[in-house]
Amino acid sequence: MELFAMEGISKTFINGELKEDVLKGINLSLNVGEVTALTGASGSGKSTLLTIAAGLQDATDGIIHFNGKNLTTMSSEQIRKIRASEFGFVFQFAHLVPFLTVEEQLLLMLDVAEIKLKKIEKKKEVNRILTLVGMDHRKSSYPSSLSGGEKQRVAIARAIIHKPKVLFADEPTASLDSKRSIDIMVLIRDITKNYNITTLMVTHDEEMLKYTDRVIRMVDGLVFAGSN
């Protein structure tokens with residue numbers, strides 16, 4: 001089932017007299033319960049497309065549909081609320097808050113998403129998600145004591161604690177070794193399937209593509225359907 005669709009998405013950057021067309025009229029739909037990978041050479045436009053899809057920057061032209069809504073007609077505040085409540089984000093680096101424990105990172109996300117639960121219920125939900133990603137034994141730890149793979153597991157837990165409909169992942173395994181990369185990809189794939197999340201992931205690692213449902217290859221701001 002289609003949940004998210006981009007129609008005619010273009011992005012042009014202008015610097016003085018220089019004009020660069022980074023995205024050139026892209027059409028792309030995303031389905032529930034699928035991991036769609038964007039891959040391609042550096043500068044092909046994949047990260048730009050992901051950040052536009054996630055509402056982190058505006059397209060020059062085009063329309064984005066999400067769950068029956070036209071995101072391109074919404075105000076910045078409306079987009080912010082959707083990002084906080086309906087979207088989850090995982091990046092190359094975990095970007096954990098250094099002075100918060102693992103448990104506190106997730107509790108903060110519940111507050112940001114304005115999840116209406118009692119404190120004890122929030123803690124139970126945090127424990128459940130940390131168990132899911134294999135980090136329940138580290139809930140009292142600070143980021144400085146975690147390995148790279150552990151930090152990414154916490155980042156994934158934080159990204160899904162509020163039950164988002166869409167997960168955006170930008171190079172989530174780029175800073176990890178091959179074993180930890182596979183562990184993280186399997187986790188992302190399993191969460192996508194088990195929770196019916198729509199996942200859009202940028203990666204340059206061909207080995208990670210085997211854990212996705214669909215591969216979209218980008219070349220010079222255009223998309224080409226591939227296979228995994």
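Results, tabulated for the structure shown:
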read-out: Residue count, region 160-181 (criterion: assigned to a helix (DSSP H, G or I), surrounded by fewer than 18 Cβ atoms within 10 Å (Cβ to Cβ) and polar (S, T, N, Q)); value: 1
read-out: Residue count for region 174-217, restricted to those that are under 20 Å from PHE4 (Cβ atoms) and of a type in the set (Asp, Glu); value: 1
read-out: Counted residues, region 46-70 - those being of a type in the set (A, V, I, L, M) and either surrounded by fewer than 19 Cβ atoms within 10 Å (Cβ to Cβ) or in a loop (DSSP other than H, G, I, E, B) (or both); value: 4
read-out: Any hit, region 171-181, residues being modelled with pLDDT of 95 or more, within 17 Å of THR39 (Cβ to Cβ) and charged (D, E, K, R); value: no
read-out: Evaluation of THR192 against (1) surrounded by fewer than 22 Cβ atoms within 10 Å (Cβ to Cβ); (2) in a helix (DSSP H, G or I) (one fails), failing number; value: (1)
read-out: Options THR36, THR72; residue that is over 17 Å from the mean Cα position of the chain (by Cα) and either of a type in the set (S, T, N, Q) or within 23 Å of ILE156 (Cβ to Cβ) (or both); value: THR72
read-out: Residues of region 114-159 satisfying the condition of being among the basic types (Lys, Arg), under 18 Å from VAL97 (Cβ atoms) and outside any helix (DSSP H, G or I); value: LYS139
read-out: Subset of region 216-228 that is surrounded by 22 or more Cβ atoms within 10 Å (Cβ to Cβ) and on the phi < 0 side of the Ramachandran plot - its residue that is modelled with the lowest pLDDT; value: VAL223
read-out: Residue check, GLU34 out of contact with any Phe, Trp or Tyr (no Cβ under 6 Å at 6 or more places or on another chain) and in contact (Cβ under 8 Å) with a residue 60 or more places away in the chain; value: yes
read-out: Unmet criterion (only one of (1) more than 16 Å from the chain's Cα centre (by Cα); (2) assigned to a helix (DSSP H, G or I)) for ILE184; value: (1)
read-out: Residue check for GLY43: closer than 26 Å to GLU207 by Cα, of a type outside the set (S, T, N, Q) and exposed (fewer than 15 other Cβ atoms within 10 Å of the Cβ); value: yes
read-out: Looking only at region 1-30, and only at residues there that are touching a Lys or Arg at 6+ places or on another chain (Cβ under 8 Å) and in contact (Cβ under 8 Å) with a residue 24 or more places away in the chain, the one that is nearest to THR72 (Cα to Cα); value: SER10
read-out: Which numbered condition HIS65 fails, given (1) under 24 Å from ILE184 (Cα atoms); (2) touching a residue at least 60 places away in the same chain (Cβ under 8 Å); value: (1)
read-out: Test: ASP205 is among the charged types (D, E, K, R) and modelled with pLDDT under 95; value: yes
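The values are calculated or read from the model by the stated rules, or taken from the named source; none is laboratory data. Predicted model only: the values in this text are computed from it and were never measured. So basically every Cβ, Gly included, is an ideal-geometry build from the backbone, and we count neighbours across all protein chains shown.
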